[in-house]
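Enquirer: Pasting in a structure now, in structure tokens, and then I'll have a few things to ask.
Here, each number is a calculation from the coordinates, and none is a lab measurement. Note that this is a predicted model, so its numbers are computed, not measured. Cβ placement follows ideal geometry from the backbone for every residue including glycine, while neighbour counts extend to all protein chains displayed.
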Amino acid sequence: MTAAVFFGCTFIAFGPAISLFLFTIARDPLRVIFLIAGAFFWLCSLLLSSLVWFITVQISNKDSSSQQKGLLIFGVVLSVLLQETFRFGYYKLLKKANEGLLMLSSEETMPISIQQLAYVSGLGFGFMSGAFSVVNILADSVGPGTIGIHGDSQHYFLSSAFMTMAIILLHMFWGVVFFDACEKQLWWSLAVVVSSHLLVSCLTFQNPQYVGSLVPTYIIMFLMGLWAFVCAGGSLRNLKFCLTCKDKDFLLAHHRPR
Amino acid sequence: SVTTRDLKKITLDVNSNSVAQKIYVEVNNTVPCVRLLNATHQIGCQSSISGDTGVIHVLESEADLEWPLTKGPNPPYMILLESHLFTRSIMMKIKKESSRIAGVTVVVPNTSPSEFSPHTTCPNENTGVYSDTYGPHLAHCNTTVWNPLGNGLSYEEFDFPVFSLKEDKQCYYDHNRVVNGSAPQYPLCAMQLFSHMFAVTDTATCMRRNDVINFSINPEMVCDPLGDFNVWGSIRPYNRSQLGHRDNESVVMAAARLDSRAFFWDVSTGAEGSISGFVTLLAAAHALRDVTQVAPPTHNILFAFFQGEAFDYIGSSRMVYDMQNGKFVIDLDNVHSLLEIGQVGLRNGSDLFLHSDPVSRMNDTVNDQVREHERYRCSLIHRHHRLVDNFQSSPLPPSSLQRFLRAQNIPGIVLADHRAAFNNKYYESYYDNADNLNLRYPPNMTAEEQLEFLTDTAMALTEVATVVARALYKQAGGDGTQVDNIKADSKTVTQMLFGFLVQANNSWFQALIPPELKDMLSDPPDFYVGVASSSPAKAKPLTRLVQFLLANLTGTATNLTQDQCQKPDDLPDESVQMYSYLWVQGTVPHNGTEKGPFCVRASVRLSQALSPAFDLGEYASRNYSTWTESRWKFIKARIFLVASRDLEMLTLGVGVAVLFSSLLVTYFISTKADVLFSSAREPASAAY
């Protein structure tokens, strides 16, 4: 559609992610490393699931559209499950890495806490997932044409960008909740994370009814956001303190360095 | 998470990108107008390097031009023209207001208009024989305008792309209709045309830029000279290693042109403009084969088929140049006379006109020669037509003879079906096709039946071919008693007409060509001369087809095997210096008639038809053709919908707003992080 749409959609899709990266991750090299490692783990899970799907497509009947649709659903479910498996694998890896880092370093406390790792790894998953979701669409949005000549909805680019933003943020929230649940052995929390991931993915089958897929996704995103906020240590009281600018008093009262 | 989109990306589809497929509809079979350059000008069309996009507007009449040119609110526009609206006045109006016009597409028509010729009114006026020093009163069509219907569109320069496409107005009717004078709503249907041409200004500039490629990082030629190969053959063979003047040799030449052109690139046919001429000459050559073996004439007869004549006589000027510089088997002093077959397909009634150059005939010897020529012709009057001399002061029509006269005073006659202006209403245009020659076949005939059917056009051309053959024989000093035995074969003529005008891939043409070229006939033969190539093996399909036709019609079939055919010098009687040996497919064996491939021996050769200006390096020459064709990267067209500018800006605004608000929120959260997340369940945590 032209450069205006390209930049608009890029900012919508990656705006929150970029700002999070800039302000919270970019200054700390350790966090950057773990972010990239997390992105790599997501990529591996995608590679594996795409390999399985590709093989099943090749051996299937290419002409039967119902079979292809069934294969697509199977592919989506498999991919979601593989992603969560890799997230669990990354968690295990990070636990081991943290112990190792503690042994090597001269300090007494761990350089990075497991909550921070949860956040960083979730964001890494989100970055890579968002990139794969939307980059090829952005590439086509630069051209002069817009979707619609075959009757598809005109709002394809915009809805893809908003969906991608939701997915990136959701990955971050899922990461936080997931690691927290693994730490505390709360298996039902894990199940809720996985099932909400499955739900969001399957909602996209409703496209091109974009309202039907975007609105529930955003609702789930807000709910997961709240949950992740609570898992990360936030509370309504803290929020009120911050908003009413009483945080300085709070900190002084608790002797916490800024 | 993985969405449906992600998995579709992973699909290794043959069509690359499914998102692009949702947006663009590629248009097949695009025929562009390309840029040609000569010593002084550039003509043709050009698009910008990233294509020209415009909202489609179907033009209903000339008055409707107001909408795209002034009134329409969504410029730039891409104008879709029906072929009857493709006129000079409309194109000139569009050219003037080209800031609002992205391009023009012309719908491929089913029927011809009443008349249309995009060529100039006076073809090749600057490179003919008439100039300020030679017959100035005849120069620049002062006395006779040869192509009065010419509107000169082919020689105009347009800075927007002009394409010829099949009709596809569905998108326009769905989205772009103007209802009651109000503008249509977005999204609108638009088309993008890519035909970016590399060369600019004129030939000298582009050839200079070609020469720079040795020093540049990205070597790319920008233009190529036009040219191809002339086909020539003779009754008695010439040793091709002996070039230049031959003592005591006086050759009667017969010439015709092969090529034609149109406004759009590579779609010309030239049925009346060139095919009628060279088919007649081929039939005449065929008619002369037997009699010249039985009773050989005194002089040799040389048949020449010139390529590139539409572009300032590329082929004939090259042959004259070669003759002048001793690079051809004979030279100009060896030429006894020249008979050229012009446009002979549209005879009104039964008249054939003889044109000659009045200025050269003021020389007595030449005049006598020409008179003798005509006397022979008058004595050969076929009962059903007459040969009419043109007026004493009428100039020669545009013909290859003019280039010979520029070099030397040679007696010559041009045979044509028109006294003054052309009878051809579609000279050098896309419509000069089988219908223009009234080539009609009865309905419900298969291709093979049509191949054999004797059309009226073929009968008419056969008569002309007979006259030509007899005249050539007499002119070459042949035995007078044998003249009545010379008859052109109407079956050959009708097969040639079918092959060149209806379907080239037929059994007769397939039999004439070698096995490795059998796919050459899959497309209709190109009659546009195209860019020059260096080796005869890469000559244009039309040229090669004429070469094999001439070999078949004037040569002899031999018993040589395929290996012997490729190396005939090993045999005592054969000589590759005198003849050319061609291994052809022969008829496909059926019903037991096992013909199979065989070796044809003929004195038929190809000689290069590249303008001498390029060999001499005179790219701004006024004497020779300097036509070049620009190069380009790709030519394509696609249709899609465009959204309104407001929607695009809204998207950008929303994006920027999201970015800024997320930056603010993140900054807020990160500065207050230790307060916000202070109820962490692990008390011993590092600072955030």
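Enquirer: For region B:137-224, which GluC sites (Glu not before Pro) are in a loop by DSSP, counting at most 16 other Cβ atoms within 10 Å? Spell out each step's value before the answer.
Expert: On the way: sites: B:Glu156, B:Glu157, B:Glu167, B:Glu220; in loops: B:Glu156, B:Glu167, B:Glu220.
Sites meeting the loop and neighbour criteria: B:Glu167, B:Glu220.
Enquirer: P(r) for region A:53-164, please, calculated from all Cα pair distances in 5 Å bins and given in %.
Expert: 2, 9, 12, 12, 13, 15, 12, 8, 6, 5, 3, 2, 1
Enquirer: Once Rh for the protein assembly as shown is found with the Kirkwood sum over Cα pairs, what is the Stokes-Einstein diffusion coefficient at 25 °C and 0.890 mPa s, in µm²/s?
Expert: 73
Enquirer: Turning to a different aspect of this structure: In straight Cα distance, which lysines are under 20 Å from B:Lys538, not counting same-chain residues fewer than 8 positions off?
Expert: B:Lys518
Enquirer: Right, next: Going through the cross-link list A:Lys92/A:Lys240; B:Lys540/B:Lys633; B:Lys327/B:Lys567; B:Lys22/B:Lys540, which pairs have a Cα-Cα distance over 28 Å in this structure?
Expert: Values: A:Lys92/A:Lys240 36 Å; B:Lys540/B:Lys633 21 Å; B:Lys327/B:Lys567 25 Å; B:Lys22/B:Lys540 39 Å.
Among A:Lys92/A:Lys240; B:Lys540/B:Lys633; B:Lys327/B:Lys567; B:Lys22/B:Lys540, the Cα-Cα distance tops 28 Å for A:Lys92/A:Lys240; B:Lys22/B:Lys540.
Enquirer: Specify the inter-centroid distance of region B:598-646 and region A:81-115, based on alpha-carbon positions, in whole Å.
Expert: 68
Enquirer: A further question on this structure: Helix hunt in chain B: which complete DSSP H runs extend at least 20 Å axially by C-alpha with mean Kyte-Doolittle at least 1.0? Could the numbers behind the result be given before it?
Expert: Details: long enough: B:276-294 (29 Å, 0.88); B:364-379 (22 Å, -1.85); B:456-475 (29 Å, 0.44); B:645-671 (39 Å, 1.31).
Helices meeting the span and hydropathy rule in chain B are B:645-671.
Enquirer: Moving to a separate point now. In peptide A:228-239, how many Cβ atoms from other protein chains are near each Cβ within 10 Å, on average?
Expert: 4
Enquirer: Quick check: convex hull of the Cα atoms in chain B, volume per residue, rounded to a whole Å³?
Expert: Spelled out: Cα convex hull of chain B, divided by residues, is 255 Å³.
Enquirer: Please sort by residue number the GluC sites (Glu not before Pro) in region B:511-609 whose DSSP state is loop and whose Cβ has at most 15 other Cβ atoms within 10 Å.
Expert: Numbers: sites: B:Glu516, B:Glu574, B:Glu594; in loops: B:Glu574, B:Glu594.
The qualifying sites are B:Glu594.
Enquirer: Hey, another quick one. Around B:Leu652, what is the net charge, scoring Lys/Arg as +1 and Asp/Glu as -1 over all other residues with Cβ under 14 Å from its Cβ?
Expert: Value of the local net charge: -1.
Enquirer: Divide by every residue of the protein assembly as shown the summed helix terms, -39500 (n - 2.57) for each DSSP H run of at least 4, and state the resulting mean residue ellipticity at 222 nm, rounded to the nearest 500 deg cm²/dmol. Before the final figure, lay out the partial values.
Expert: Working: 27 runs with 390 residues, N = 946.
Theoretical 222 nm ellipticity from helices: -13500 deg cm²/dmol.
Enquirer: Once label points are set 7 Å from the Cα along Cα→Cβ at both B:Asn142 and A:Cys44, what is their separation, rounded to one decimal in nm?
Expert: Placing both labels 7 Å beyond Cα along the Cβ direction yields 9.1 nm.
Enquirer: Where a Cα-Cα gap under 12 Å defines reach, which aspartates and glutamates qualify for B:Lys672, not counting those fewer than 8 residues away within the same chain?
Expert: A:Asp247
Enquirer: Quick one: check the C-alpha center-to-center distance for region B:473-497 versus region B:65-122, whole angstrom.
Expert: 48
Enquirer: Shielding by partners for B:633-641, please: the mean number of other protein chain Cβ atoms within 10 Å of each residue's Cβ. Mind dumping the intermediate values first?
Expert: Numbers: counts 0, 0, 0, 0, 0, 4, 2, 8, 10.
That works out to 3 on average.
Enquirer: Rounded to a whole number of µm²/s, how large is the Stokes-Einstein D of region B:406-565 at 37 °C and 0.692 mPa s, given Rh as the Kirkwood radius over C-alpha pairs?
Expert: Rounded, D is 177 µm²/s.
Enquirer: While we're looking at this one, here's another question. Which residues make up the longest stretch of chain A clear of GluC sites (Glu not before Pro) that lie in a DSSP loop with no more than 12 other Cβ atoms within 10 Å, not counting the sites?
Expert: With GluC sites (Glu not before Pro) excluded where exposed in loops, chain A gives A:109-258 as its longest stretch.
Enquirer: Give the Rg/Rh ratio for region B:42-166, taking Rg as the radius of gyration of the Cα atoms and Rh as the Kirkwood radius, to two decimals.
Expert: 1.07
Enquirer: Show me the ranking of peptides B:76-87, B:443-454 by mean Cβ neighbours inside 10 Å, starting with the highest.
Expert: B:76-87, B:443-454
Enquirer: Starting from the Cα coordinates of region A:1-232, work out the convex hull volume and express it per residue in Å³.
Expert: Given the Cα convex hull of region A:1-232, per-residue volume reads 138 Å³.
Enquirer: Under the definition of partner shielding as Cβ atoms of other protein chains within 10 Å of a residue Cβ, what is the mean value for peptide A:57-64? Numbers along the way, then the final one.
Expert: Working: counts 4, 1, 0, 0, 0, 0, 0, 0.
Mean number of neighbouring Cβ atoms from other chains: 1.
Enquirer: Setting aside same-chain residues fewer than 8 positions from B:Lys491, which aspartates and glutamates have a Cα under 16 Å from its Cα?
Expert: B:Glu448, B:Glu449, B:Glu452, B:Asp456, B:Glu463
Enquirer: Further, regarding this structure: So which trypsin sites (Lys or Arg not before Pro) in region B:174-249 pass both tests, a DSSP loop state and at most 13 other Cβ atoms within 10 Å of the Cβ?
Expert: Taking region B:174-249 and a limit of 13 other Cβ atoms within 10 Å, the loop trypsin sites (Lys or Arg not before Pro) found are B:Arg177.
Enquirer: Work out how much length A:His150 to A:Ser106 would gain on full extension: take 0.36 nm times their residue separation and subtract the Cα-Cα distance, in nm to one decimal.
Expert: Difference between extended and current length: 9.4 nm.
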